[in-house]
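Peer 1: First the structure, then my questions, so here it is.
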Amino acid sequence: MFAYTAAKAAEEKKGEKVLLLDVSRLTVVADYFLIISAKSTPQIQALANHIEERLTKFNYQMISKEGFIDSNWIVLDFGNLVVHIMHERERDYYKLERFWSNAVLIDNKAWKKAS
């Protein structure tokens, strides 16, 4: 599953508090939200580049990318997967996981086992 691939890529680049949510029953925007924290803007950019590179390697096309230069929050839209890479301050402030608290949390053991 490509959402697992993105989550594994986030962990490879030392993304923190990696959280994969199944939001398919809550919105038509996407099936999955991947939320990742980072400590700095360069780390946010490195995470975004690595995830984009990994998913496009497997022929997953990115629809859009928002907030890249000097940003504390980058959103990568792959259609069924939306990736939020946030500075830990923004993540603490916006609390996306609380907003999507009715979503199904995908256990990280699932994506760590995936190839």
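A short reminder: the numbers here are calculations on the coordinates, not readings from a lab. These numbers were taken from a predicted model, which means no experiment stands behind them. Neighbour counts run over all protein chains shown; Cβ positions are idealised from the backbone, glycine included.
Peer 1: With the cut-off at 19 Å, tell me which of the pairs LYS14/LYS109; LYS8/LYS113; LYS8/LYS57; LYS17/LYS39; LYS13/LYS95; LYS8/LYS95 have Cα atoms farther apart than that.
Peer 2: Too far apart for the 19 Å limit: LYS13/LYS95; LYS8/LYS95.
Peer 1: Further, regarding this structure: Can you run phi through the Karplus equation (6.51, -1.76, 1.60; θ = phi - 60°) for segment 45-50 and list ³J(HN,Hα) in whole Hz, with x for Gly and Pro?
Peer 2: 5, 5, 4, 4, 4, 5
Peer 1: Tally Lys and Arg at +1 and Asp and Glu at -1 over the other residues with C-beta under 13 Å from the C-beta of MET62: what net charge comes out?
Peer 2: That works out to -1.
Peer 1: Please give the direction-averaged projected area of the C-alpha convex hull for segment 2-109, in square nanometres with one decimal.
Peer 2: Result: a mean projected hull area of 6.1 nm².
Peer 1: Evaluate E = 1/(1 + (r/R0)^6) for LEU26 and ASN49, where r is the Cβ-Cβ distance and R0 equals 22 Å; express this FRET efficiency to the nearest 0.05.
Peer 2: The formula returns an efficiency of 0.15 here.
Peer 1: Right, another one. Given the chain, what percent of its DSSP beta bridges are antiparallel, to the nearest 5?
Peer 2: 70 percent
Peer 1: Sticking with this one: What list do you get for LYS113, LYS65 if you sort them by fewest beta carbons within 10 Å?
Peer 2: LYS113, LYS65
Peer 1: Measuring from label point to label point, each 7 Å out along Cα→Cβ, what is the THR56 to MET1 span in nm?
Peer 2: Modelled inter-label distance: 2.6 nm.
Peer 1: In debye, nearest 20, what is the charge dipole magnitude of segment 35-115 about its Cα centre with +1 on Lys and Arg Cβ and -1 on Asp and Glu Cβ, if you could check?
Peer 2: 340 debye
Peer 1: Say R0 is 22 Å: what FRET efficiency, to the nearest 0.05, do ASP92 and SER64 get from their beta-carbon distance?
Peer 2: After rounding, the FRET efficiency stands at 0.30.
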